[in-house]
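The structure appears right after this line, and notes come after that.
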Amino acid sequence: MGYKEQTIEGRNAVMEAFRSGRTIDKLFVLKGCQDGPINSIIREARKQNTIISYVTGERLNQMSETGKHQGVVACAAAYEYAEVEDILRLAEEKGEPPFLFLLDGIEDPHNLGAIIRTANLAGAHGVIIPKRRAAGLTATVAKASAGALNYTPVAKVTNLGAVIEELKEKGLWFVCADMDGAAMYDLNLTGPIGMVIGNEGEGVSRLIREKCDYMAAIPMKGDIDSLNASVAAGVLAYEIVRQRMNAN
């Protein structure tokens, strides 16, 4: 199911990757380069909503493994992304109320991998990540997930807020980890649920937090102010697991 993350370089190779339908997370193009082949590649990238960065020749040289990038380097995903519908279908096939992880801007690939691993072990049906300002499914993420990426579908979406709205219409409700929320033990976390975990530094963004039905605080007694994002995901996920087991 997975394949190793790849840096693809050179105009023909990059164009071929787009045309073959590979998932390209990011495209790096030499700043100011505007000839025909480059413009064709940019057009393909836009069609597929790939993030495009215009960078210096020096940056491309650093990324290049062959030294023959011809002004363009693409980063292909290590694993194929799923669709949100695939995740809901998985829940339906298992006869379980959907349990989803939504990650609002997790940028550290080790954290992302660890969270996917937790999602798998907690019985979540899938993970949803945003396209921008977040780690994609790189080889580092795959390794940190300890094989979970082979079993737990990950969907990458343009707009996390819009997806939350769509899922609410399908009967899901959402809880986000937030220091200012109610203690997680006091909330009813059963039924079809989406658990939202925020960025390592800022937490869940205001726009996403406002779309959540509940804010859950993880009780903390220590002297530092917060848990690592992947640990927070594990703690809150297992409170959801506990409540789901007791509800059956």
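Results, tabulated for the structure shown:
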quantity	calculated
Residue pairs meeting the criteria (Cβ under 8 Å; at least 6 apart or on separate chains; first in contact (Cβ under 8 Å) with a residue 12 or more places away in the chain, in region 70-92; second open to solvent by less than 40 Å² (accessible area, probe 1.4 Å) and among the aromatic types (Phe, Trp, Tyr))	Val72/Phe28; Val73/Phe28; Ala74/Phe18; Ala74/Phe28; Cys75/Phe28; Ala91/Phe99
Residue match in region 155-164 (condition: β-branched (Val, Ile, Thr) and either more than 21 Å from the chain's Cα centre (by Cα) or more than 27 Å from Tyr79 (Cβ to Cβ) (or both))	no
Extreme residue, farthest from Ala155 (Cα to Cα), among residues of region 18-38 that are surrounded by 13 or more Cβ atoms within 10 Å (Cβ to Cβ) and at pLDDT below 85	Arg22
Boolean, Leu149 is buried (at least 23 other Cβ atoms within 10 Å of the Cβ) and over 22 Å from Val204 (Cβ atoms)	yes
Selection count, region 86-118, where residues are among the basic types (Lys, Arg) and either open to solvent by less than 20 Å² (accessible area, probe 1.4 Å) or touching a helix residue (DSSP H, G or I) at 6+ places or on another chain (Cβ under 7 Å) (or both)	1
Of all residues making up region 119-146, the number that are open to solvent by less than 20 Å² (accessible area, probe 1.4 Å), among the hydrophobic types (A, V, I, L, M, F, W, C) and at pLDDT 90 or above	6
Residue in region 68-79 that is surrounded by fewer than 15 Cβ atoms within 10 Å (Cβ to Cβ), over 26 Å from Glu202 (Cβ atoms) and at pLDDT below 90 present	yes
Filter pass, Ala162 being without any contact (Cβ under 8 Å) to a residue 24 or more places away in the chain and either aromatic (Phe, Trp, Tyr) or over 21 Å from Arg242 (Cα atoms) (or both)	yes
Any hit, region 160-170, residues being outside any helix (DSSP H, G or I) and open to solvent by less than 50 Å² (accessible area, probe 1.4 Å)	no
Spans of helices (runs of 4 or more DSSP H) in region 16-134 with at least 2 residues within 21 Å of Ala162 (Cα to Cα)	36-47, 84-94
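The values are calculated or read from the model by the stated rules, or taken from the named source; none is laboratory data. Remember, it's a predicted structure, so these values are computed and weren't measured experimentally. Positions of Cβ are backbone-derived with ideal geometry, glycine not excepted, and every protein chain shown enters the neighbour counts. Heavy atoms of the whole protein, side chains included, go into the accessibility calculation; ligands, DNA and RNA do not. Shrake-Rupley method; radii C 1.70, N 1.55, O 1.52, S 1.80 Å.
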